[in-house]
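What follows is one structure encoded as structure tokens, with my remarks underneath.
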Amino acid sequence: MPTRTLAAALILLLAAGVAGGAGCDRAEQQQRQAGETRADGGAPAAPAPSGKVLEAAENESPAASARPQAGAVPAGPARIEIPAGKLVAGSTPGDKGRDPALEPALLDVELGGFTIDRYLYPNDPAQAPLTGVTRARASELCQQAGGRLCTELEWERACKGPEGTAYAGGAAWDPACAKAPASCASGFGVLGMGAALREWTASDVAPIENLQPKAAAVRGATASASGVDHRCARRAAVDPGASGDDIGFRCCHGAPNAASVPSPQWQQTFRRAEIGPQQVAELLASVPQLRDLGGEVSFFKEPDDVNVVLSRGRTRLSPSGTPALQPEASAPPNTTLTTSPLLWNPVPGEEVLVVTGKSDEDSFIVAFLKLPGDRYRIASSLLLKGEPGPIALGFNGYVRRRLAWATCWDCRGESGNVTYRDDNRVVITQK
């Protein structure tokens, strides 16, 4: 069989980022220590997609409600009453700057009413916020002022306001708020939230085995932080005994809310996903970059098409440019080859649906981020125009952040990786 090439057939559609190198597996050693088992021994998942696929954050148009936050703030009370109500805590998987191990995925929380200081401690616009104290000292100072340190969900509710905005006072970050925090009010009228200082909260970040020790939950960001770090949902895990000029605090009053943010745990790395071609076709149809697929979607056959991918790997070009039969191709140890859809857990708090298939004479690999309510967001995609496949996926349950794909196993130009990078983005690359 002559050596095949996809170089002219590849159209790369990266819905989240630019194709780059595979990156380093920062957590691979931790993942091995966690004792993960191979995915082919577990119960399959049964996704039931509902609703339109969300666009990748990189491709979204600016929100219509985005508006500058900084401006003249009218005089108001020193303490702000926050009514009881629902908070959608955390962020949407795939949001820029989101750390899935720390930020929950759109967690609905009911909170009772409470009162929060309008300014950072000492809650006096004529004085600079107090920094350089530990969390225990911050708690003592709030008690001396007749209050208590706010919980992190109370802080997030006060920041997001009644409309649940991503940033205090709006859907987009206004850099002017870093220079003049007291000119930026949340929807409830609380000033300087997430603008120029990090803030202690009374809450803890629950531990994650081999990844995250128990720590104090800190909200907000420094003035020099990147724009996405000023989001109300952003959490940081900090040693409660630490102190610094960039950490302040504010006090709350009334009975504290007991609700807390749970930490996600390690899940099985890969599970087979019981999802049909028609369901996948409906997902693809709502992704603008993939609407050109057109024809009926079908999956490749297993094990027949897996064997085709392996057999193609036996025929390579010799140094003289003529086909030469190579030793029998096989998957690396502990690697399973499949053409079935997979549900992938690269890090705690993140699930990715990876699907490969064909439509007419085109084949594809698509990765979707799983959202609450069995909704999905496009993460990355690779469309092979004029290439009917088959495509096989290769996975190893001990390798968290990467799986392989191939139309010809281990052939240069006809194989690559699906990688979960250190910046929490999924990319599909060609070798």
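No value in this document is a laboratory result; all are computed from the given coordinates. None of the values given here were measured: they were computed from a predicted structure. FYI the Cβ positions are ideal-geometry reconstructions off the backbone, even for glycines, and counts take in every protein chain you see.
Each peptide in 149-156, 200-207, 403-410 gets a packing score, the mean of other Cβ atoms within 10 Å over its residues, and the list from highest to lowest is 149-156, 403-410, 200-207. Among 270-277, 108-115, sorting by the average number of other beta carbon atoms lying within 10 angstrom of each residue, highest first, gives 270-277, 108-115.
Restricting the trypsin sites (Lys or Arg not before Pro) of the range 160-218 to loop positions (DSSP other than H, G, I, E, B) with no more than 14 neighbouring Cβ atoms within 10 Å leaves Lys214. Each residue of the range 265-273 was assigned a 3J(HN,Hα) from its phi angle through the Karplus curve 6.51 cos²θ - 1.76 cosθ + 1.60 (θ = phi - 60°); the sequence is 10, 4, 10, 4, 4, 10, 10, 6, 9 Hz, with glycine and proline shown as x. The phi-based Karplus calculation (6.51 cos²θ - 1.76 cosθ + 1.60; θ = phi - 60°) puts the 3J(HN,Hα) values of the range 381-387 at 8, 9, 10, 9, 6, x, 10 Hz, whole numbers, x for Gly and Pro. For the range 79-253, a simple Cβ point-charge model (Lys and Arg +1, Asp and Glu -1, everything else neutral) yields a dipole of about 180 debye relative to the Cα centre. Which Cα, out of Leu383, Leu403, Tyr420, lies furthest along the positive dipole direction of the range 381-431 (beta carbon charges, K/R +1, D/E -1)? Farthest along the dipole direction, towards plus: Tyr420. Evaluating 6.51 cos²θ - 1.76 cosθ + 1.60 at θ = phi - 60° for every residue in the range 125-139, the Karplus couplings come out as x, 7, 10, 6, x, 7, 10, x, 10, 6, 5, 4, 5, 4, 5 Hz, glycine and proline recorded as x. Charging the Cβ of each Asp and Glu at -1 and of each Lys and Arg at +1, and nothing else, the dipole of the range 88-140 about its Cα centre rounds to 200 debye.
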